[in-house]
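The values are calculated or read from the model by the stated rules, or taken from the named source; none is laboratory data. None of these values were measured; they are calculated from a predicted model. Glycine also receives a Cβ, built like all others from the backbone with ideal geometry; neighbour counts cover every protein chain displayed.
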Amino acid sequence: MIGPAVAWISMARPSEPILHVDLDAFYASVEVLKDPSLRGKPVIVGGTGSRGVVTSASYEARRSGVHSAMPSVRARRLCPEGIFLPPDFEAYRVHSNRFREVMLSFTPLVEPISLDEAFLDVGGATRLFGEPPEIAGKIRDAVLEGLGVTCSAGVASTKFVAKLASAHCKPDGLLHVPAAQTIGFLEPLPVGRLWGVGEKTADLLGRLAIRTIGDLARTPEQVLQRLVGEAAARHLTQLAHGLDEREVIPYEAPKSIGHEETFDRDLDDDGEILRELLHLSGRVAARLREDGYRARTVTLKARLANFTTLTRSRTVRDPTDVGADLFHAVGELYRALPGTGRRIRLLGVQASGLERAGAEQLALLRAGRWDDVERTLDRIERRFGRGSATHATLLDRDRGRPRSPAAARDPTLDPGFRPSGEPPYNR
Ligand SMILES: [Mg+2]
C-alpha cells in the first residue's frame, strides 16, 4: 500500500511549480565570453554613441551605479573606466537559443519573455527531476555548463512572485518563496515592483502613503478604485495578496518557415524565375538563422497563370539554414516540373522539418567560425537594412517591375492564410 501512496504524493502538483529564470547581465556576460580578458571589468553594452543608452552592464559596472536604460552620457560620468561595447545581437541570439534548449530539456512548458528570461511550469517534471527548487538548481547548473554564464532563478506559486524572487536573489542566486510565505515576502517590497505599476501609478499610490506591497494589501479595494479605476484596483489588490492567475504559455516552435511572392505580371523567363527563387531562398534562410532553426525539407510552390498550383518537396541530407542549399533544392525541383513555356503567377519557398540549431550554433561561435558569407550578409542587413547586401544576380531583379506592397506574403506570419480552392501548402 505504501508504494502507490508514495507514487501519488510524488505525482501531486507542487504548490510552487513556477520558475522564473533570468540570465545575469546577459549581454555583458556574453561579451566576457567572447573576450575573456574583460572578466572582472566594468563592461557596458550599448551607449557607444554620444546619445546612446546602456542596454546591459556587468556587475562591476553596476557597482558604480550604471544600469540598463541609463543614458550613456551619464554612464560615462559614473564609470569613466567603463569599457563600452556595441551590442552583438547575433551572439546574444545564439546564446539565447541555447538557453531555451537547456530549459526545454526539463519541461516543454517554457514561456520565453525576452532573449534572457523565461517562465517555466515544472509541475509535471517533478518525478523526473525532483521538487521545483531542485529543478531550478539543476537548470542553473546546466545553464552555466552549457552557456558559460550565470543565471538567477525564482521559484514560487505564481508568475509574478517567481519573477520578483529571481530579481531579489540576483546575481547567481536561487530563491524559493513557499506559498505560505508569499505575503511575508511581498510585504516590504516597494509597490513599483508589482507588474503593471509604473512610475505614474506609484506616484498616485504614494499620495495615499501606499509605498510597499504590504501597504497596498491593507488598503480596501474601494479606496483604490477611486484612485486608479475599477480594473486596475482589482488587479493590484490581487497581486498584493499574491494572486496571479496567468498561466505559463509555452512557446510553440513553428512547423515551417516560408516566403512567397505574387507577381504583378506573370514570369515566363527561366532565368528570372530562378532569380526569384534565389531571393526567396535567401529570405527563408535568414529567418531560419534568426530563429535558430535548420530545415530538413524544402518545398517549392509555383502557381501558374491558369491558377494551377504545383508543390514539390525534397528532403535534404543535412539539415540546413543556408540560402544556397535551399536554392539548390528548389532550383532542381523547379527544373523538374512538367511542361515547358510556363507562365508563373506566384512562387514560394518553404522550409519544414525544423530542428533547433542552438547547440551547434554555439559551437560554431566558440570555434570562431561564425563568419560565412550569409551570416555576414545578415549582419550587414541588420545594420543597414534589408536589401543593402545581396547576391550580384539579384541586383537587377527589382528593376522595371512594379510590385504592390501587399504582393509579398509570408505564410508563417499568418498561419491561417490559405488562398481559397488551394490544397495545403505542403502537399
Ligand atoms: Mg537578465
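Farther than 30 Å from residue 292 by Cα and β-branched (Val, Ile, Thr): which single residue out of 248, 191 fits that description?
191
Among the residues of the range 303-353, how many are among the aromatic types (Phe, Trp, Tyr) and more than 17 Å from residue 271 (Cβ to Cβ)?
Total satisfying the criteria: 1.
Would it be correct to say that residue 72 is more than 16 Å from the ligand (Cβ to nearest atom), surrounded by 17 or more Cβ atoms within 10 Å (Cβ to Cβ) and modelled with pLDDT under 95?
Working: more than 16 Å from the ligand (Cβ to nearest atom): yes; surrounded by 17 or more Cβ atoms within 10 Å (Cβ to Cβ): yes; modelled with pLDDT under 95: yes.
In short, yes.
So residue 256 passes all but one of these: (1) in contact (Cβ under 8 Å) with a residue 60 or more places away in the chain; (2) polar (S, T, N, Q); (3) more than 30 Å from residue 121 (Cβ to Cβ). Which condition number does it fail?
Answer for residue 256: the failing condition is (3).
Inside the range 296-328, can you point out the residues that are outside any strand (DSSP E or B), over 15 Å from residue 283 (Cβ atoms) and within 35 Å of the chain's Cα centre (by Cα)?
Within the range 296-328, 328 is the sole residue that qualifies.
Considering each of 113, 44 in turn, give the residue that is at pLDDT 90 or above, surrounded by 14 or more Cβ atoms within 10 Å (Cβ to Cβ) and of a type in the set (A, V, I, L, M).
None of the others qualify; the one that does is 44.
So which residues in the range 181-201 are acidic (Asp, Glu) and part of a helix (DSSP H, G or I), if there are any at all? Steps first, answer last, please.
First, pick out the residues of the range 181-201 that are acidic (Asp, Glu): 187, 199.
Answer for the range 181-201, where residues must be acidic (Asp, Glu) and part of a helix (DSSP H, G or I): just 199.
So that you can scan it fast, the table gives a plain yes or no per residue for (1) over 23 Å from residue 31 (Cβ atoms); (2) small (Gly, Ala, Ser); (3) surrounded by fewer than 17 Cβ atoms within 10 Å (Cβ to Cβ):
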residue: 119; (1), (2), (3): yes, no, no
residue: 142; (1), (2), (3): no, yes, no
residue: 163; (1), (2), (3): yes, no, no
residue: 181; (1), (2), (3): yes, no, yes
